[in-house]
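For reference, the structure discussed in these notes is given below.
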Amino acid sequence: MLRHKYKYLCLFNIGLYADTYPLADRLYLYAISVDIMHLSEFFHSLLIFCLLLFMVTNHQVKAQSTNDILNVLTDNKTITQQQADSLRATYAIGQQNTLPDKKLQIDFELRPRSEYRNGYQQLRNDSVSGAFFTNQRSRLGLNYSHNDKFILQFSLQDLRVWGQQDPRTTAASVQVFESWAELMLSGRFSVRLGRQRLIYDNQRLFAENDWRLSGAAHDALNFRFQSSKVSGDLAFAFNQMGERYFGTDYTPATFNNYKFLVINYIKYTPNKIITLTVLNSSDGFQTGDDPEKMNFRYTLGGRIEAVSGSLYGTLSGYYQGGKNSSGENLSAWYVQPEIRVTTSGGPVVRLGAEIFSGTGNLPGTSDDRSFVPLYGVAHRFNGSMDHIVRFPNDVGNAGLVNPYLFMVQSLFKKLEIRSDLHLFYLQTGYYEADDKIPGYLGMENDWLLTCRPHTSIKIDLGFSYMLPTESLEKVKGSGDSSYNLFWGFLSLTFRPVLFSTKFK
């Protein structure tokens, strides 16, 4: 009778090799098929079975535990080597099928920055004194990705100057900085829709403007391509002040923004030495007399970069045509040559120049020849004191020639110092009472000490001074150039990842 039961139970052992049974069920069927005539062996195998069952049902147990338990079963001749190999293969397949394909990450940024301004962005005069304040940006970001299906990004930010808001007020100050979804169409193509940062090339024309407290984002539809050597974007945007029933009138009262924007960006890296980029864009502004018509400005150009050992060289150039926002014919250009040398143990040295074409202020000039660097960042290119950031107004519509010398020296592993030297000249003539003023606008020297005590923490201490000339006073139309200008700041940036997990 006992042997018949044994034979009957052994029939269930076939389930160990049936792919239709889960691994835990197959282990169970095999465990109860042991020789029940030897109860001590049965309880011994039952104990081993329980350990193995716990291992396969608890995802935190490592695969090494699987091998250890199967080796014990094989040594005790409870299962054969062939059966152990089969179980290992089944377990590996099961683990592969249960790999997490979803990821959630929550990050945070806190950036308080204290500044002392005594000539920042504006020339001094005898009736003003220095200003001191602390501003703060707080951002909370959430990123969710579902394998190769889609990505979601959402971030909120609060911007304030300390003491600016009544602590008893109920007015809200939080705004949406990013809110977009990216759908993966294939391994190389995707489309991103929503409020997003548009960052291209060296950020001269399209930037996130991180120095600015609010940053910069665009409401856009962006088709993206990515491969090993070529990447590209094709972005579209069309702005309105609100929902409408008729027409497309777009005239913001408190800010100036495009009504239409399209960007085509392509980056090609054929090898480790050469990189080529092309950036073409068109932005449209509503005409003053007809809300259904726009003045389109076109910007076309690109950059070539070459790297050979410690030597780096680049040259970029752009042409602007079409019409400016006022409807005048536009024909302007921009070039930037630069070389960079990296020495072993010594400073990184960058020598270059930015040249913007200008119109000047001679009467009778018909076309606009002043290049505008679109929606890029000026803070890192034309001096940290931001005296020349609003083109073409800050240079009297006369263009700019900005030779520069940047040097960065690492002092210790987590500490570096940087010095930026700028010279400013007008690109074309600026006249006052029929007399052409000197083209030299002044000199600026910026110093920055950066410490990174932790991967999530950065401390910046900066000091800048500027020696302006009377020509800068005349093209700006305000201030007194006899005063030297200086500015300092201390910024602490905390950017930790608060939470990150992968799950099924």
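The values are calculated or read from the model by the stated rules, or taken from the named source; none is laboratory data. The structure presented is a predicted model; accordingly, all values stated were derived computationally and were not measured. In this analysis, Cβ positions are derived from the backbone assuming ideal geometry, glycine residues included, and neighbour counts consider all displayed protein chains. Ligands, DNA and RNA are excluded from the accessible area calculation, which covers all protein heavy atoms including side chains. Shrake-Rupley method; radii C 1.70, N 1.55, O 1.52, S 1.80 Å.
Of Q175, G352, L485, which is farthest towards the positive pole of the chain's charge dipole, taken about the Cα centre with +1 and -1 on the beta-carbons of Lys, Arg and Asp, Glu respectively?
The Cα lying farthest towards the positive end belongs to Q175.
With angles folded into 0 to 90 degrees, how steeply does helix 2-11 sit against the dominant principal axis of the chain? Use alpha carbons for both and round to 10.
Its long axis makes an angle of about 30 degrees.
Quick check: net charge around V262, other residues with Cβ under 13 Å of its Cβ, Lys/Arg +1 and Asp/Glu -1?
Its environment carries a net charge of 0.
Using the alpha-carbon centroid of each, what span in Å lies between segment 296-337 and segment 190-211?
Centre-to-centre (Cα) distance: 17 Å.
In degrees, nearest 10, range 0 to 90: what is the angle between the Cα axis of helix 39-57 and the longest Cα principal axis of the chain?
10 degrees
Would you kindly state how much longer the chain becomes between N484 and C451 on full extension, computed as 0.36 nm times their sequence separation minus their alpha carbon distance, in nm to one decimal?
Fully extending the segment from N484 to C451 adds 9.0 nm.
Within 15 Å, Cβ to Cβ, of G242, how many net charges do the neighbouring residues add up to if Lys/Arg are +1 and Asp/Glu are -1?
-1
Within 10 Å, count the other beta carbons around each residue, average over each peptide in 108-116, 165-173, 235-243, 198-206, and list them highest first.
Sorting 108-116, 165-173, 235-243, 198-206 by mean packing, highest first, produces 198-206, 108-116, 235-243, 165-173.
So, taking all protein chains as they sit and a 1.4 Å probe, how much accessible area belongs to V475, in Å² rounded to tens?
10 Å²
Using alpha carbons only, how many degrees (0 to 90, rounded to 10) separate the axis of helix 63-75 from the longest principal axis of the chain?
20 degrees
Determine the distance separating the Cα centre of segment 350-418 from the Cα centre of segment 433-455; give it in Å without decimals.
9 Å
Where nothing but the Cβ of Lys and Arg (+1) and of Asp and Glu (-1) is charged, how large is the charge dipole of the chain around its Cα centre, in debye to the nearest 20?
Dipole size: approximately 1880 debye.
Cα centroids of segment 224-238 and segment 143-175: how far apart, whole angstrom?
27 Å
Could you give the accessible area per residue of segment 263-303, probe 1.4 Å, as a whole number in Å²?
That works out to 51 Å² for each residue.
Taking the Cα centre as origin and putting +1 on Lys and Arg beta-carbons and -1 on Asp and Glu beta-carbons, what dipole magnitude results for segment 123-212, to the nearest 20 debye?
So the magnitude is around 60 debye.
For the chain, with all protein chains present and a 1.4 Å probe, just round the carbon and sulfur fraction of the accessible area to a whole percent.
58 percent
Any chance you could run the full-extension gain for K229 through S331? It's 0.36 nm times the residue separation minus the Cα-Cα distance, nm to one decimal.
33.4 nm
Tell me the label-point distance for the pair L351, Y116, using the 7 Å Cα-to-Cβ offset, in nm and rounded to one decimal.
Those two pseudo-labels are separated by 3.5 nm.
Arranged from highest to lowest average of other beta-carbon atoms within 10 Å per residue, in what order do the peptides 453-459, 214-220 appear?
In decreasing order of mean packing, 453-459, 214-220 become 214-220, 453-459.
Once label points are set 7 Å from the Cα along Cα→Cβ at both L467 and S86, what is their separation, rounded to one decimal in nm?
About 8.8 nm, to one decimal.
Identify all lysines with a Cα-Cα distance to K502 below 16 Å; exclude those on the same chain that are fewer than 8 residues away in sequence.
Of all the lysines, those that pass the test against K502 - Cα under 16 Å, at least 8 places apart if same chain - are K102, K103, K149.
Find which of M184, L467, G399 sits farthest along the positive direction of the dipole of the chain, computed with +1 on the beta-carbon of Lys and Arg, -1 on that of Asp and Glu, about the Cα centre.
Sorting the options by dipole projection puts first M184.
Specify which labelled value, from (1) 28.4; (2) 24.1; (3) 22.6, agrees with Kirkwood radius over Cα pairs in Å derived from the coordinates of the model shown.
It is the one labelled (1).
By a straight-distance test (C-alpha under 26 Å), which lysines pair with K323 as possible cross-link partners, with residues fewer than eight away in the same chain excluded?
Cα-Cα hits under 26 Å: K259, K293, K476.
Run the quick spin-label model on V191 and I273: label points 7 Å from Cα toward the beta carbon, then report their separation in nm to one decimal.
4.1 nm
Cβ under 14 Å from S471's Cβ, S471 left aside: what net charge do those residues give with Lys, Arg +1 and Asp, Glu -1?
-3
So between L492 and T169, what do we pick up on full extension, going 0.36 nm a residue minus the alpha carbon distance?
113.6 nm
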